[in-house]
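Asks: Following this message is one structure expressed as structure tokens.
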Amino acid sequence: MFDKLGLSGVFGLVLMVAGVAVVAWKAPVVAAGLTAVLVGLALVARGAVQSVMGMFGMA
């Protein structure tokens, strides 16, 4: 998985997890909501990428 993400992708993932951890330290309920938003955003982005790839005949 890490070879597909690249160095910047792995760094972004680490920063995202660290950010949620910092929020969870002070406000666990807010961190849970933030995590739900991030997962939802990732699912929407995945669907959009698959749709575009399908239009170009790559999926």
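Condition check ((1) in contact with a Phe, Trp or Tyr (Cβ under 7 Å, 6 or more places away or on another chain); (2) hydrophobic (A, V, I, L, M, F, W, C); (3) loosely packed, with under 10 Cβ neighbours inside 10 Å; (4) in contact (Cβ under 8 Å) with a residue 60 or more places away in the chain) across all residues:
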residue: Val10; (1), (2), (3), (4): yes, yes, no, no
residue: Val17; (1), (2), (3), (4): no, yes, no, no
residue: Val30; (1), (2), (3), (4): no, yes, no, no
residue: Leu34; (1), (2), (3), (4): no, yes, no, no
residue: Leu41; (1), (2), (3), (4): no, yes, no, no
residue: Arg46; (1), (2), (3), (4): no, no, no, no
residue: Gln50; (1), (2), (3), (4): no, no, no, no
residue: Gly57; (1), (2), (3), (4): no, no, yes, no
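A quick yes/no check of all residues on (1) under 13 Å from the mean Cα position of the chain (by Cα); (2) among the aliphatic types (A, V, I, L, M); (3) part of a helix (DSSP H, G or I):
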position: Gly19; (1), (2), (3): yes, no, yes
position: Val22; (1), (2), (3): no, yes, yes
position: Val30; (1), (2), (3): no, yes, yes
position: Gly33; (1), (2), (3): no, no, yes
position: Leu43; (1), (2), (3): yes, yes, yes
position: Ala48; (1), (2), (3): no, yes, yes
position: Met58; (1), (2), (3): no, yes, no
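No value in this document is a laboratory result; all are computed from the given coordinates. Because the structure is a prediction, the values reported are computed rather than measured. Don't worry about glycine lacking a Cβ; one is built from the backbone with ideal geometry, like all the others, and counts go over all protein chains shown.
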